[in-house]
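The values are calculated or read from the model by the stated rules, or taken from the named source; none is laboratory data. The structure displayed is predicted, hence computed values, not measured ones. Cβ placement follows ideal geometry from the backbone for every residue including glycine, while neighbour counts extend to all protein chains displayed. Side chains included, ligands, DNA and RNA excluded: accessible areas come from the protein's heavy atoms. Shrake-Rupley method; radii C 1.70, N 1.55, O 1.52, S 1.80 Å.
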Amino acid sequence: MEAQPGTATALDAEPVPHAELALDAEPVPHVEPLTDDQLNKQISDVFTDLIKHAHDLGQKIATENGLTGSDAMALFKLETPMTMKELGLRMGCDPSFVTTIADALEKHGLARREPSVKDRRSKNIVLTPEGVSVRERVCEKLMAQAPWCTTLDTSERRCLLGLMRKMLRSRGGR
């Protein structure tokens, strides 16, 4: 969803000052009260822009480190050794794709496969010391540039995290 030259995106909208905002959050820019449909549309537009921005940032950081976006995501998720199946679940991808990612990480010397202690039929993917170093560098760059890290204070980030978790929990109708 790219903006045409000379048009504004939902992220470009200027906020309207308002004295009674909780947590000093920016108000929704508008002249008249929004209907639920209009509010939902603006939320959808902003989410789309924010997700695209986060994706583009992740791709840029991955490329700067000689990785694909999927390789960088795997590094980000590999805080501890885990089975290939678990990594696939955490990344939201098919197990066969995790094999491709593991192959690439091994080729770059960033990870290795080893038998799982719990189930020797399964393989764990484990970061090498170089993999840990690259993971730290990628995470550091992401946290230095991610809009939630650079724009929001601690209480706003806690609020955002709570709201995002609430939305994710609702997927199951809970």
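Quick notes
- If you go through segment 98-128 and keep only what is of a type in the set (Asp, Glu) and farther than 11 Å from THR83 by Cα, you end up with ASP103, GLU106.
- Residues in segment 61-84 that are surrounded by 14 or more Cβ atoms within 10 Å (Cβ to Cβ), out of contact with any strand residue (DSSP E or B) (no Cβ under 8 Å at 6 or more places or on another chain) and not small (Gly, Ala, Ser): ILE61, ASN65, LEU67, THR68, ASP71, MET73, PHE76, LYS77.
- Selected residue [more than 30 Å from ASN40 (Cβ to Cβ), part of a helix (DSSP H, G or I) and either touching a helix residue (DSSP H, G or I) at 6+ places or on another chain (Cβ under 6 Å) or β-branched (Val, Ile, Thr) (or both)] from SER70, SER133: SER70
- Scanning segment 32-49 for residues that are in contact (Cβ under 8 Å) with a residue 24 or more places away in the chain and either open to solvent by less than 60 Å² (accessible area, probe 1.4 Å) or farther than 21 Å from PRO147 by Cα (or both) yields ASP45, VAL46, THR48, ASP49.
- Residues that are among the aliphatic types (A, V, I, L, M) and touching a Phe, Trp or Tyr at 6+ places or on another chain (Cβ under 8 Å) within segment 124-156 comprise VAL138, LEU142, listed in sequence order.
- A single entry from ARG121, ARG169, ARG165 fulfils the requirement of being open to solvent by 60 Å² or more (accessible area, probe 1.4 Å) and either on the phi > 0 side of the Ramachandran plot or not in a helix (DSSP H, G or I) (or both): ARG121.
- Residue pairs meeting the criteria (Cβ under 7 Å; at least 6 apart or on separate chains; first free of Cβ contacts under 8 Å to residues at least 12 places away in the same chain, in segment 142-154; second open to solvent by 70 Å² or more (accessible area, probe 1.4 Å)): CYS149/MET143
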